[in-house]
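Below: the structure, in structure tokens.
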Amino acid sequence: EVNNGAVSVVGPDAKAPWRLRLPDEKAASWREHGAPGQVLFGIRPEHVTDAASARSAAEDGNSLTVNVEVREPLGSTVQLQLTAPGNIRLTAVVDADSAQWRESAFQAVLDMDKCHAFDPATDEAIF
């Protein structure tokens, strides 16, 4: 979705929409690839975390409310299987000292500088 020049990845659930704003460099790559309407969006688990562990503050465009489905303590970190609105599944790695991972739902923060997108028609990396 493009709004006032900003490019966002938009969740599929019209009843509970979410938008993740692409950094300018990623938006430029998207435009260079012909601005495909549909993309396969990905982000590594270490780049999805809770607000207490995030390297940037949770704000519109880099965070979304998630439900915790599975918790796997791994010593100093906890791996979480999450579900976002639209039945989008994510995996996150959070600091074991954070209290948020113990909740049934929390605000996940995504490091959008580390996200990836692929053209579903060609499997070509867009960014």
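The values are calculated or read from the model by the stated rules, or taken from the named source; none is laboratory data. Remember, it's a predicted structure, so these values are computed and weren't measured experimentally. Backbone-built Cβ (ideal geometry, glycine too); neighbour counts: all protein chains shown. Side chains included, ligands, DNA and RNA excluded: accessible areas come from the protein's heavy atoms. Shrake-Rupley method; radii C 1.70, N 1.55, O 1.52, S 1.80 Å.
The figures follow:
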item: V2 vs. criteria in contact with a Leu (Cβ under 8 Å, 6 or more places away or on another chain), open to solvent by 30 Å² or more (accessible area, probe 1.4 Å) and either closer than 27 Å to A125 by Cβ or without any contact (Cβ under 8 Å) to a residue 24 or more places away in the chain (or both); result: no
item: P36 vs. criteria at pLDDT below 90, open to solvent by less than 30 Å² (accessible area, probe 1.4 Å) and part of a loop (DSSP other than H, G, I, E, B); result: yes
item: Tabulated pairs, region 34-47, first within 14 Å of D123 (Cβ to Cβ), second among the charged types (D, E, K, R) and modelled with pLDDT under 95, C-beta under 7 angstrom, 6+ apart or interchain; result: P36/D119; V39/D119
item: Lone unmet requirement of (1) part of a strand (DSSP E or B); (2) within 17 Å of V109 (Cα to Cα); (3) of a type outside the set (S, T, Y); (4) free of Cβ contacts under 8 Å to residues at least 12 places away in the same chain for E59; result: (1)
item: Enumeration of residues in region 84-99 that are open to solvent by less than 60 Å² (accessible area, probe 1.4 Å) and not aliphatic (A, V, I, L, M); result: P85, G86, T91, S98
item: Extreme residue, surrounded by the most Cβ atoms within 10 Å (Cβ to Cβ), among residues of region 49-67 that are of a type outside the set (G, A, S) and touching a helix residue (DSSP H, G or I) at 6+ places or on another chain (Cβ under 7 Å); result: D50
item: Which listed residue, of Q81, Q107, is touching a strand residue (DSSP E or B) at 6+ places or on another chain (Cβ under 8 Å), surrounded by fewer than 17 Cβ atoms within 10 Å (Cβ to Cβ) and modelled with pLDDT of 95 or more; result: Q81
item: Residue that is nearest to V2 (Cα to Cα) [pool: residues in region 21-33 that are outside any helix (DSSP H, G or I) and out of contact with any Phe, Trp or Tyr (no Cβ under 8 Å at 6 or more places or on another chain)]; result: R21
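For every residue, the table says whether it meets (1) among the aromatic types (F, W, Y); (2) in contact with a Pro (Cβ under 7 Å, 6 or more places away or on another chain); (3) within 29 Å of K26 (Cα to Cα).
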site	(1), (2), (3)
R71	no, no, no
L74	no, no, no
L82	no, no, yes
T91	no, yes, yes
A96	no, yes, no
R102	no, no, no
A108	no, no, yes
T122	no, no, yes
